[in-house]
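Here's the structure, in structure tokens; my notes come after.
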Amino acid sequence: MFESLHRRIRKKGLPPGTVTYVGPEQSSAVSIELIHIPEPTEAGEVCEARQLRLPDAGACAPYVSAPGLTWINVDGLHEPGTVARLGELFSLHPLVQEDIVHTGQRPKLDELGDALFVVLKMLRYDEASRTVSDEQVSMVLKQNVLITFQEKGGGDVFGEVRKRLVSGAGKFGRRGPDYLRYALVDAVVDNYFVVLERMGEDIEEVEEALLTAPTPQELETIHGLRREALFLRRFIWPLREVLARLEKGGSPLIQDSTILYLRDLYDHTIQVMDTVETFRDMLSGMVELYLSNVSLKLNEIMKVLTMISTIFIPLSFLASLYGMNFEHMPELKTQYGYFVVLGVMACTVGGMLYFFRRKGWLGGPKPPADE
């Protein structure tokens, strides 16, 4: 979070709408993928989808007003010229272009008349470090075009959507770009469940370790998982608000047939949010459990030390009593006095141990009260 604030300082003093990349440095080249589904023929036959890799943003010009459905996906935002060129071709507002290249945006929805602009986060969970990483995804929905901008290249969660789009071109072509946007957002939300499942497995593993042999390392892991849960909540909570606005409809770019799917997606987001809140409560309880176990362990140690000290108090008294060098002590001249004192000490220790045993202070079961 603080790193994001430091990167934002780069924009200090620049006028609104300045397309300046704000994010981590990237070395990979920007990639542009285009999938186009032409309109059905007059006979109702569905044309096959065309999937292309474009050399630059200018190659998208023939598809600005092409009939049918067009999906343009840009991987990489570190070349603001690409975003500016697409903004020029598709008449994107300068503030939209600025938000696209600023990777510190929170999930939001902007209605721009002839376009809908949505920002959300695509999440990944690293099981080795038990951390969640995010990648900003921006979506611009227009009449027949959906443009998506991904912060990084090298893979996303849209693979299945691409396969369905190419193999089932007719279904997507009839439902329009708003349904395609729903499918992409649904893929992102479904991946949230994968992240939460893996995170839940780590939480269960730490919980088992707490119940067996808690160590300071588990406490450090718990604090790390709590931080990641807050990180998830930071991105999922505003996304719920975005979907709540979308499922209400009211935009000419969203068909009535898509609203039902958006409502189902909103329910999924509620489930994700509930799971995150459950994880937060569990982790808070695990901190209390760790502290309770540490306190219990300390109490057990103090109990043992106290019993040892209690046993040696009468022994120390007897030893000090017969260690006094008075002349008129008849026990000192008794032939078996030494052994008698040792016997008294042994009986004292045995009696105290028996008393501790009856009280259940030695760890064994406490005898019934009538014994």
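Coordinate-derived values only; no laboratory data. All of these numbers come straight from a predicted model, not from anything done at the bench. When we count neighbours, we look across all protein chains shown, and the Cβ atoms used for this are built from the backbone with ideal geometry, even at glycine.
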Practice prompt. Please find, in a Gaussian network model of the chain (springs between Cα atoms separated by less than 10 Å), the residue of L112, L342, L305 whose mean-square fluctuation is greatest.
Written response: L342
Worksheet, complete the sentence: Expected sort for T18, T275, T103 with the fewest Cβ neighbours (10 Å cutoff) up front is T18, T275, T103
Practice prompt. Alpha carbons only, please: Rg and Dmax for region 190-254, in angstrom.
Written response: 17.6, 60
Discussion item. How are the alpha carbon pair distances in region 144-269 distributed across 10 Å bins from zero to the largest one, expressed in percent?
Written reply: 11, 32, 29, 16, 9, 3
Fill in: Computed [θ] at 222 nm, helices only, for the chain once each DSSP H run of length n ≥ 4 contributes -39500 (n - 2.57)
-18500 deg cm²/dmol
Practice prompt. Grab the Cα-Cα distance for L305 and F326, subtract it from 0.36 nm times how many residues apart they are, and report the gain in nm with one decimal.
Written response: 4.2 nm
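With Cβ to Cβ distances under 12 Å as the rule, what net charge do the other residues near A244 carry (K, R +1; D, E -1)?
Working: positive: R240, R245, K248, R263; negative: E241, E247, D267.
My count for the surroundings of A244 gives +1.
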Worksheet, complete the sentence: Mean shadow area (nm²) of the C-alpha convex hull around region 281-371 is 9.4 nm²
Item to complete: Subtracting the Cα-Cα distance from 0.36 nm times the residue separation, let me have the gained length for T334 to R174 in nm, one decimal.
Response: 46.3 nm
Worksheet, complete the sentence: Note: region 79-142 at 37 °C, 0.692 mPa s; Kirkwood Rh on alpha carbon pairs; Stokes-Einstein D in µm²/s works out to 254 µm²/s
Discussion item. Using Cβ counts within 10 Å as a stand-in for footprinting exposure, how do H102, H223, H328 rank, fewest first?
Written reply: H328, H223, H102
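Would you work out the relative contact order for the chain, in percent, from Cα pairs under 8 angstrom that are 6 or more residues apart? Write down the numbers at each step before the final one.
Numbers: 471 pairs, mean separation 47.9, N = 371.
Here the relative contact order equals 13 percent.
With viscosity set to 1.002 mPa s and temperature to 20 °C, compute the Stokes-Einstein D of region 233-299, Rh being the Kirkwood radius across alpha carbon pairs; µm²/s, no decimals. Before the final figure, lay out the partial values.
Working: Rh = 14.5 Å.
Rounded to a whole number, D works out at 148 µm²/s.
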Item to complete: Name the residue, out of M282, M352, M199, whose mean-square fluctuation peaks in a Gaussian network model built on the chain with Cα pairs under 10 Å.
Response: M352
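Among bridges DSSP assigns within the chain, what percent are antiparallel (round to 5)? Don't jump to the answer; show the numbers that get you there.
Numbers: 32 of 39 bridges.
Roughly 80 percent of the DSSP beta bridges within the chain come out antiparallel.
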Worksheet, complete the sentence: Between the Cα axis of helix 256-321 and the main Cα principal axis of the chain, the angle (0 to 90°, nearest 10) is 10 degrees
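Order these by the 10 Å Cβ neighbour count, fewest first: V19, V185.
V19, V185
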Worksheet entry | For q = 0.13, 0.21 Å⁻¹, Debye-computed log10 I/I(0) when each Cα of region 62-210 counts as one equal scatterer | -0.64, -1.38
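Per the Kirkwood treatment, what hydrodynamic radius in Å, one decimal, follows for region 39-130 from the mean inverse distance over all distinct Cα pairs? Walk me through the numbers on the way to the answer.
Working: mean 1/r = 0.0626 Å⁻¹.
Result for region 39-130 stands at 16.0 Å.
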Worksheet item: How much length is gained if the chain between E204 and R106 is pulled fully straight, taking 0.36 nm per residue apart and subtracting their Cα-Cα distance, in nm to one decimal?
Response: 32.3 nm
Discussion item. Suppose the Debye formula is applied to equal point scatterers at every Cα of region 313-363; what is log10 I(q)/I(0) at q = 0.14, 0.23 Å⁻¹?
Written reply: -0.46, -0.86
Discussion item. For the chain, what are Rg and Dmax over the alpha carbons, in angstrom?
Written reply: 35.3, 130
Worksheet item: Can you tell which of V276, V344, V132 shows the greatest fluctuation in a Gaussian network model of the chain with Cα springs below 10 Å?
Response: V344
